[in-house]
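**Student:** Have a look at the structure that comes next, please.
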Amino acid sequence: MSKNICARCETVMSPHAVVKVASGDGAFRSLCSRCFNTEMAHLAKLNAFEHPKFAPVRLADAGGVVHEFHFRSLLFGDQLSLEAFELASGDEDCVGYRFQLLGDPRSDPFELLGHLVQKVKRALATRYLVEHAGNLEVAGTTVRGRIEWDSSEIGHMPCVIIDGKRVDWTDFGAMLMQFEGWQFRIALVDPSDEA
Ligand SMILES: [Zn+2]
């Protein structure tokens with residue numbers, strides 16, 4: 001499991017915490033987010049930048065189910081990316097809710113965290129799927145979610161994450177059959193924007 005050891009500080013990381021960084025020779029190094037941010041702050045001459053570390057936050061969705069969100073901050077030069085995500089259990093693909101916000105690295109990271117938590121709460125307030133007779137159905141006429149890699153499809157087809165739950169592409173297609181004959185509109189939205 002040497003790939004999960006930070007190449008700089010030698011901390012053992014959980015897989016979700018690894019940041020892969022390309023070197024000039026094309027090789028990749030695995031860094032922890034703190035070391036990544038330290039190197040990036042040096043490159044971007046942001047000498048006052050301090051790596052923020054946030055404790056997990058538990059938030060309930062519209063159905064009262066509690067979700068535990070972990071946070072990761074990554075400095076990308078003039079932007080600080082803050083992500084909130086749920087940890088997948090076992091070897092599952094990337095499941096669960098995931099949110100991102102971009103901010104000014106010179107601003108207060110706790111203020112950015114506050115904005116991100118508000119974004120998470122807004123998203124958790126709506127459920128787009130309902131269970132009906134043991135099957136998941138589209139609750140209204142709008143569905144928001146995330147496109148993810150489906151390892152069983154080796155990248156040929158995606159799976160989608162709706163309400164924090166993984167839905168196979170074919171199952172999503174079956175759900176849309178309740179709208180046979182309807183029109184649809186697809187808008188693709190950057191992870192850091194509001195869907
Ligand atoms: Zn490190």
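**Student:** Looking at Arg34, Arg58, can you tell me which residue is closer than 21 Å to Arg122 by Cα and either surrounded by 17 or more Cβ atoms within 10 Å (Cβ to Cβ) or at pLDDT 95 or above (or both)?
**Tutor:** Exactly one of Arg34, Arg58 is closer than 21 Å to Arg122 by Cα and either surrounded by 17 or more Cβ atoms within 10 Å (Cβ to Cβ) or at pLDDT 95 or above (or both), namely Arg58.
**Student:** Name the strands (runs of 3 or more DSSP E) wholly inside segment 25-110 in which the number of residues that are within 16 Å of the ligand (Cβ to nearest atom) is 3 or more.
**Tutor:** Counting at least 3 such residues, we get 28-31, 66-76.
**Student:** Hey, Ala27 hits all of (1) over 30 Å from Ser151 (Cβ atoms); (2) among the small types (Gly, Ala, Ser); (3) without any contact (Cβ under 8 Å) to a residue 60 or more places away in the chain but one; which does it fall short on?
**Tutor:** (1)
**Student:** Select, from Gly96, Gly103, Gly63, the only residue that is of a type in the set (Gly, Ala, Ser), crowded, with 16+ Cβ neighbours inside 10 Å and in contact (Cβ under 8 Å) with a residue 40 or more places away in the chain.
**Tutor:** Of the residues listed, the single one that is of a type in the set (Gly, Ala, Ser), crowded, with 16+ Cβ neighbours inside 10 Å and in contact (Cβ under 8 Å) with a residue 40 or more places away in the chain is Gly96.
**Student:** Another question about this same structure. Within 19 Å of Val95 (Cα to Cα) and open to solvent by 20 Å² or more (accessible area, probe 1.4 Å): does that describe His16?
**Tutor:** yes
The values are calculated or read from the model by the stated rules, or taken from the named source; none is laboratory data. Computed from a prediction, not measured in an experiment: that's the story for all the values here. Here Cβ is always computed from backbone atoms with ideal geometry, including for glycine, and neighbour counts include all displayed protein chains. Each accessible area value is taken on the protein alone, full model and side chains, heavy atoms only, with ligands, DNA and RNA left out. Shrake-Rupley method; radii C 1.70, N 1.55, O 1.52, S 1.80 Å.
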